[in-house]
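Asker: Structure below; questions to follow.
Just so it is clear, none of the values below were taken in a lab; they were calculated from the coordinates. Because the structure is predicted, anything quoted here is derived from the model rather than measured. Every residue, glycine as well, gets a Cβ built from its backbone with ideal geometry; the counts of neighbours run over all protein chains shown.
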Number of protein chains: 4
Amino acid sequence: MKKVCLVIGAGAGIGGTVGRKFAREGYHAALCRRSDEEGLNRMVAQIEAEGGSASGHLLNAVREGAIEELVAQVEKTGPIDVVLFNLGAQIGGRSLEDTSLKTFELGWQMACFGLFRLAKVLVPLMVQRGGGTFLVTSATAAVRGNAGQHSHAAAMGGRRMLCQTLNAEYAQKGIHVAHILIDGAVDAPDTLGKMLGPELYEKLRNTRGGEHDGLLLPEKMAETYYHLARQHRSAWTHELDLRAYSDLAWWNHAP
Amino acid sequence: MKKVCLVIGAGAGIGGTVGRKFAREGYHAALCRRSDEEGLNRMVAQIEAEGGSASGHLLNAVREGAIEELVAQVEKTGPIDVVLFNLGAQIGGRSLEDTSLKTFELGWQMACFGLFRLAKVLVPLMVQRGGGTFLVTSATAAVRGNAGQHSHAAAMGGRRMLCQTLNAEYAQKGIHVAHILIDGAVDAPDTLGKMLGPELYEKLRNTRGGEHDGLLLPEKMAETYYHLARQHRSAWTHELDLRAYSDLAWWNHAP
Amino acid sequence: MKKVCLVIGAGAGIGGTVGRKFAREGYHAALCRRSDEEGLNRMVAQIEAEGGSASGHLLNAVREGAIEELVAQVEKTGPIDVVLFNLGAQIGGRSLEDTSLKTFELGWQMACFGLFRLAKVLVPLMVQRGGGTFLVTSATAAVRGNAGQHSHAAAMGGRRMLCQTLNAEYAQKGIHVAHILIDGAVDAPDTLGKMLGPELYEKLRNTRGGEHDGLLLPEKMAETYYHLARQHRSAWTHELDLRAYSDLAWWNHAP
Amino acid sequence: MKKVCLVIGAGAGIGGTVGRKFAREGYHAALCRRSDEEGLNRMVAQIEAEGGSASGHLLNAVREGAIEELVAQVEKTGPIDVVLFNLGAQIGGRSLEDTSLKTFELGWQMACFGLFRLAKVLVPLMVQRGGGTFLVTSATAAVRGNAGQHSHAAAMGGRRMLCQTLNAEYAQKGIHVAHILIDGAVDAPDTLGKMLGPELYEKLRNTRGGEHDGLLLPEKMAETYYHLARQHRSAWTHELDLRAYSDLAWWNHAP
């Protein structure tokens, strides 16, 4: 029975690519996303075509009980050794007036409460087995709040503190929590692509992506995600940042 | 018609004392708390006995519409010029296992969502009037997550980022948002007192409180809250910390 | 014998203005600057014309023994109760290539080593007397390093940590160390004015200064400096930021 | 001609171990330390016995011209592609009174000025060649100042800001600067061992080291150092922390 890498938020960017990396390294990749079953199936098929093992799961993370059921179901496949929590709550710039109570709450439910629910159900299993890894994708909104980011920043700021409390309570029991601060635009068709629309996205890719490396390339990011999961317990990283060489760090530049 | 200082979370510690300070300086203090109507009435009476103006309001901040109605009601008394958001979500150390989904959500509703709801309804009024001040009491849990603080830290971390997004969007329109990081135990009978129980609280006061100043004294803290509200707009503070001289800063010591 | 407020770096901006504020509040202001004896004398005369007490001292802070001699000399006037360390090391944007070893060292000697030397000689006197206040003007370069700021950021980053170590060691002995992060342009003829040249400075003042409050006004900043020195020891601030309402915080904007 | 990994501060802990790791991966390891030529020769011999390439260099980093000469000399062996700046300035807890001006200056010369001098001479060579990597070992003293750490914290705080200014100016030109925050005790005989003395060190190793992993093991840390140097330029890390799973993070605990 293979060890499982569970990916919550497995789109065509970071999530799917990290899942595929772990599958290549011998894990079963359990890939979850909210919609686009077809795309999900393609990702599973692609991994299997490479000789890897994967499964696809549709997940509405904010539905009561959904994360809990998912973990129970995936654990039947094998023990979840690594989980990538990759749900975002970026909805683009939105003024206070244009951010409804519902939107604000939804951001928190996805980006913060979702991680808490996951931890509640998965941490005890990992502790029982002597260890496990939580890889949590994060954003600069976790450390600075810009105008128009009320929902996103409040959710991510809470998430970052939650990563710290989990780490403080469970590192000694073998749970490695890593908070990965993505500080730049990721070359991902279904997040950046959607936000910009096909034309702008293509333009941006041509200007900054590809060989110019101006965008964060998920395949390269996956190397660091995998490295974190492989770190020996005598030398764990809790927080690191990732950005393209050509981008300024968040503390050096405006959004 | 007097300018109003609205205090959300007006217990016998920071909230009530800051309200009284603003009343002494000529504001009408609108004091809100969840329960203990008698205590609330005493606080109002005490302010009035000093020649000040005050009103008491019971508020269940997590009830839908409650904050919105409160603001509408208080605005009839006079324009809210300063608001102190003083709701906490500290529930003492509680392991992941002992922190229910309900508890985690409640912490967020009080400490983070409550501020967002307040901002949604109050910021537009302040902008229309050309300015106003948000004083937000915060805690070290907003910047570091300790074991057993899952609910508290996630809520306060989100709140801190929300203060930043509000400041980024509205400072230029005259809204001064100040995030006040209380880094130590406050000499307050109905928070610290409740948490410790009467005997331990009395013992702590005798050891560290009073003339030894080992606890943060609300009357002295109120001076800084008031100073923040008085800062000229050419020199505003967004974040500061407060602790007793005899306490180590959070970055120097364990909880 | 009046209590003394010693100002190290008393130009026509923050330093001189804070000195004057303390003089108005009953302190003897001992004003030190490197050059421009005439300007220094004018500042002293102005304070005396207002009925205050002041003295002027030329100080080459990097000369061996200079700070030590100054403290000894000023202590003859009265006990130094408050010191404002206001020496900067901003030399404008300078690439790595254009930053000589000498420049880098000089920045450190002024902004970091100078404070250490001051603390070495003054802290023991204050401890003996039961207390005292260190007000340290700082800059965003203490918390983020931008391109072209090698000398300035390295000096200020060291200084910030030094403020923390002094606070950790001496707060309990009554020494209040406050690190004041000035996050914006100050309306000061002899720093900003010099950096920009007279024409650009006048233009900036017309656009952002004066009634538009787009620059930090030293007179208004001085209120907060004074407040810090007056904080009761049960509620001390170690770090705060100051910026004009119309400016974005450093974490929200590029330099 | 092999690419060179230059290690400044190559003791038996992090420095030597990282050098050896890079040698195993095909680099020539140029190992520098202040003294113990015999130990240095043993390290070189050990690498060569494994089939690697290495050279040993005695370096008094604070001597004028020493770092500059070293770089010139090593560049004759091959192009320096990676440099590990591993000089520390930890001198143990020392009160303000017991920290002499000389000590304070020396700490800065080693930990901060040394990096600046290295950057001055090496960055232009790297830029000319299209890239290179600066790995900078750091400590929690770079982000918090504890009592008794005046010299160490001021030096490391400056160094951290310098890493940021270098990154801001040169990442776009292919220079990867990584600031590696070592947040715990390293199992290293010639730093920790010296600080504690042989008996206490052995005791600590028996309690926390070895299979208990309570100390940071240099061999495991070296994996992450190497990973940083291998990161693709589309996904670079500027800052990360490293600690043993059994240790609390600095923000959760006292020193």
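Asker: Using 1/(1 + (r/R0)^6) with R0 = 45 angstrom and r between the beta carbons of C:V121 and B:N206, what's the FRET efficiency to the nearest 0.05?
Answerer: The computed FRET efficiency comes out at 0.75.
Asker: Assuming a viscosity of 1.306 mPa s and a temperature of 10 °C, what translational diffusion coefficient in µm² per second does Stokes-Einstein assign to the stretch D:93-221, Rh being the Kirkwood radius over Cα pairs?
Answerer: Result for D is 96 µm²/s.
Asker: For the stretch D:216-255, just run the numbers: alpha carbon Rg, then divide by 2.2 N^0.38 Å, N being how many residues it has.
Answerer: So the stretch D:216-255 has a normalised radius of gyration of 1.42.
Asker: Follow-up question, since we're still on this one. Over the protein assembly as shown, what is the percentage of antiparallel beta bridges among all DSSP beta bridges, to the nearest 5?
Answerer: 5 percent
Asker: Here is a further query. Counting each pair of different Cα atoms once, what's the Kirkwood radius of the stretch C:35-166 in Å, rounded to one decimal?
Answerer: 16.3 Å
Asker: Taking the axis that carries chain A onto chain B, what is the nearest Cβ in chain A, and at how many Å, to the whole number?
Answerer: Nearest-to-axis residue on chain A, with distance in whole Å, is A:G158, 2.
Asker: Given C-alpha coordinates of chain D, what is the ratio Rg to Rh with the Kirkwood estimate of Rh?
Answerer: Checking Rg against Rh, the ratio lands at 0.94.
Asker: Something else: Over the stretch A:1-125, calculate the relative contact order: mean separation of alpha carbon pairs under 8 Å at least 6 apart, over the residue count, as a percent.
Answerer: With pairs under 8 Å counted, the relative contact order is 28 percent.
Asker: Only helical DSSP H runs with n ≥ 4 go in: add -39500 (n - 2.57) per run for the protein assembly as shown, normalise by residue count and round the 222 nm mean residue ellipticity to 500 deg cm²/dmol.
Answerer: After summing the helix terms and dividing by residue count, I get -13500 deg cm²/dmol.
Asker: What net charge do the residues around C:P79 carry, taking every other residue with its C-beta under 13 Å from that of C:P79, with Lys and Arg at +1 and Asp and Glu at -1?
Answerer: Surrounding charge for C:P79 is +2.
Asker: Sequence-distant or interchain residues sharing an amide H contact under 5 Å with C:S53, placed H: which?
Answerer: Those qualifying (amide H under 5 Å, at least 5 residues apart or on another chain) are C:A29.
Asker: Which far-off residues, 5 or more places away or on another chain, put their amide H under 5 Å from the one on A:D247, with H placed in the peptide plane?
Answerer: none
Asker: While we're looking at this one, here's another question. Excluding D:A249 itself, calculate the net charge of residues whose Cβ lies under 10 Å from the Cβ of D:A249, where each Lys or Arg counts +1 and each Asp or Glu counts -1.
Answerer: Net charge around D:A249: -2.
Asker: Also, I was wondering about something else. Kindly give the semi-axes, whole Å and largest first, of the ellipsoid equivalent to the stretch D:43-84, taking each as the square root of 5 times a Cα gyration tensor eigenvalue.
Answerer: Numbers: eigenvalues 97, 33, 13 Å².
Square roots of five times the eigenvalues give 22, 13, 8 Å.
Asker: State the Cα centre-to-centre distance between the stretch C:149-177 and the stretch A:105-132 in whole Å.
Answerer: 39 Å
Asker: Run the label-point distances for C:D36 please: 7 Å along Cα to Cβ, every other copy, nanometres, shortest first.
Answerer: Ordered by distance, the counterparts are at 5.3, 5.5, 6.1 nm.
Asker: Lys and Arg at +1, Asp and Glu at -1: add these up for the other residues within a Cβ distance under 13 Å of C:V177 and post the number.
Answerer: With Lys, Arg at +1 and Asp, Glu at -1, the net is +2.
Asker: Right, here's the next one. Report, as an integer, the average count of C-beta atoms from other chains found within 10 Å of each Cβ along C:220-231.
Answerer: Working: counts 6, 4, 1, 5, 10, 1, 1, 8, 3, 0, 3, 7.
Per residue, the number of nearby Cβ atoms from other chains is 4 on average.
Asker: Just to confirm the numbers: A:R233, label point 7 angstrom along the Cα-Cβ line, distances to the other copies in nm, shortest first?
Answerer: 4.0, 4.7, 5.7
Asker: Residue by residue through A:121-128, how many Cβ atoms from other chains fall within 10 Å of the Cβ on average?
Answerer: Going residue by residue through A:121-128 and averaging, the value is 1.
Asker: Ok, one more. What is chain C's relative contact order, in percent, from Cα pairs under 8 angstrom and six or more apart in sequence?
Answerer: Relative contact order comes out at 19 percent.
Asker: Then there's this: Could you give the alpha-carbon Rg of the stretch D:17-97 over 2.2 N^0.38 Å, rounded to two decimals? Intermediate values should be presented prior to the final figure.
Answerer: Working: Rg = 14.5 Å, N = 81, 2.2 N^0.38 = 11.7 Å.
In units of the globular-protein estimate, the stretch D:17-97 measures up at 1.24.
Asker: Here's a follow-up. Straight-line reach from D:K3: which aspartates and glutamates have a Cα under 17 Å away, not including same-chain ones fewer than 8 places off?
Answerer: Excluding near neighbours in sequence, the set is D:E25, D:E48, D:E75, D:D81.
Asker: Percent relative contact order of the stretch D:163-255, based on C-alpha pairs within less than 8 angstrom and at least six residues apart?
Answerer: 39 percent
Asker: Could you state the principal axis extents of the C-alpha atoms in the stretch C:156-218, from the largest down, to the nearest angstrom?
Answerer: So the extents along the principal axes, rounded to whole Å, are 47, 22, 15.
Asker: In debye, nearest 20: dipole of the stretch D:8-104 around its Cα centre with unit charges on the Cβ of K, R (+) and D, E (-)?
Answerer: Using only the charged Cβ atoms, the result is roughly 160 debye.
Asker: What does the highest-first list of D:221-229, B:148-156, D:191-199 look like by mean Cβ count within 10 Å? Provide the component values of the computation, followed by the final result.
Answerer: Values: D:221-229: 22.1, B:148-156: 29.8, D:191-199: 14.3.
Ranked by mean Cβ neighbours within 10 Å, highest first: B:148-156, D:221-229, D:191-199.
Asker: Kindly give the distances from A:E25 to its copy-mates, label point to label point, with each label point 7 Å from Cα along Cα→Cβ, as nm values to one decimal ordered shortest first.
Answerer: When each copy's label point is compared with this one, the spacings are 1.5, 5.5, 5.7 nm.
Asker: Let me ask something else. Calculate the mean, over all residues of peptide C:134-145, of how many other protein chain Cβ atoms lie within 10 angstrom of the residue's Cβ. The partial results should precede the final answer.
Answerer: Values: counts 0, 0, 0, 0, 0, 0, 1, 3, 3, 5, 8, 14.
Partner Cβ neighbours, averaged per residue: 3.
Asker: Using the Kirkwood formula over every pair of different C-alpha atoms, what hydrodynamic radius in Å results for the stretch D:141-191?
Answerer: 12.6 Å
Asker: Shifting gears a bit: Roughly how far apart, in whole Å, are the Cα centres of the stretch A:216-255 and the stretch D:20-94?
Answerer: What the calculation gives is 27 Å, centre to centre.
Asker: Read phi for every residue in the stretch C:45-57 and hand back ³J(HN,Hα) as whole Hz from Karplus 6.51 cos²θ - 1.76 cosθ + 1.60, θ = phi - 60°, with x for Gly and Pro.
Answerer: Each residue's phi maps through the Karplus curve to give 4, 4, 5, 5, 5, 8, x, x, 10, 7, 9, x, 9 Hz.
Asker: Spelling out what I want: for every residue of the stretch A:77-91, take phi, set θ = phi - 60°, compute 6.51 cos²θ - 1.76 cosθ + 1.60 (Karplus), and round to whole Hz; glycine and proline get x.
Answerer: 6, x, x, 6, 9, 10, 10, 9, 9, 10, 6, x, 9, 6, 10
Asker: Work the Kirkwood hydrodynamic radius out for the stretch A:73-125: mean of 1/r over every pair of different alpha-carbon atoms, inverted, in Å.
Answerer: Numbers: mean 1/r = 0.0762 Å⁻¹.
With all distinct Cα pairs of the stretch A:73-125 included, I get 13.1 Å.
Asker: At q = 0.04, 0.08, 0.09 Å⁻¹, what log₁₀ I(q)/I(0) does a Debye calculation on the Cα points of the protein assembly as shown give, no solvent, two decimals?
Answerer: Debye intensities relative to I(0), on a log10 scale: -0.19, -0.82, -1.05.
Asker: Could you tell me which of the pairs C:K102/D:K120; C:K102/D:K76; A:K220/D:K173 are separated by over 24 angstrom between their Cα atoms in the structure shown?
Answerer: C:K102/D:K76
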